[in-house]
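Please read the structure below before turning to the comments.
The values are calculated or read from the model by the stated rules, or taken from the named source; none is laboratory data. Remember, predicted model here, so these are calculated numbers, not experimental data. So basically every Cβ, Gly included, is an ideal-geometry build from the backbone, and we count neighbours across all protein chains shown.
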Amino acid sequence: MINGSTNNLNGKMTARTHKQQKLFLDCFKTCGVASRSAKAAGVARRTHYKWIEEDPDYVVLFAEACDIADDALMYEIRRRALDLEKRDTVALIVALKIRGIFVERREVSGPDGGPQKMMVMTDEDKVIAERIANRRLSVN
């Protein structure tokens, strides 16, 4: 299942690491919080990020866990928004924003209200931006 992570001198994943990863992912699916999931798995929060850096299989499983956690969150937002007795207006607005139906209007301009300047990204800039984006995804 999760093959790439190493946790011993031979470079092979131990059964304990496999169990910790499974515990982390199972908890994350229900709560969506890395620190809480790490605590449930009995590992440091940083260990999760180490697994992401070192184990491509874990990255795929974590992405799936993120999708499940996001679905659960969206379900709860929709449930609150559509509750006929309590009508949670904030939850309704959040649900609409997530779906892109309700968008706050924003004007974007350059310095002193002038036009925006366009930047051309070099290949190196693109690699750095991709690493930052991947890092942000792994944090969430």
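Only one of these is closer than 23 Å to residue 133 by Cβ and in contact (Cβ under 8 Å) with a residue 60 or more places away in the chain: 98, 52. Name it.
On the way: 98 fails: in contact (Cβ under 8 Å) with a residue 60 or more places away in the chain.
Exactly one residue qualifies, and that residue is 52.
Yes or no: residue 111 touching a Ser or Thr at 6+ places or on another chain (Cβ under 8 Å) and surrounded by fewer than 14 Cβ atoms within 10 Å (Cβ to Cβ)? Steps first, answer last, please.
Numbers: touching a Ser or Thr at 6+ places or on another chain (Cβ under 8 Å): no; surrounded by fewer than 14 Cβ atoms within 10 Å (Cβ to Cβ): yes.
Taking the combined requirement at face value, the residue does not satisfy it.
Is it the case that residue 118 is more than 15 Å from the chain's Cα centre (by Cα), loosely packed, with under 15 Cβ neighbours inside 10 Å and more than 21 Å from residue 17 (Cβ to Cβ)? Can you show your working first?
Numbers: more than 15 Å from the chain's Cα centre (by Cα): yes; loosely packed, with under 15 Cβ neighbours inside 10 Å: yes; more than 21 Å from residue 17 (Cβ to Cβ): yes.
Yes; evaluated as a whole, the condition is true for this residue.
Run down 134, 140 and say which single residue is polar (S, T, N, Q), modelled with pLDDT of 80 or more and either closer than 30 Å to residue 52 by Cβ or surrounded by 10 or more Cβ atoms within 10 Å (Cβ to Cβ) (or both). Break it down into steps so the answer makes sense when it comes.
Values: 140 fails: modelled with pLDDT of 80 or more.
Criteria check complete, one pass: 134.
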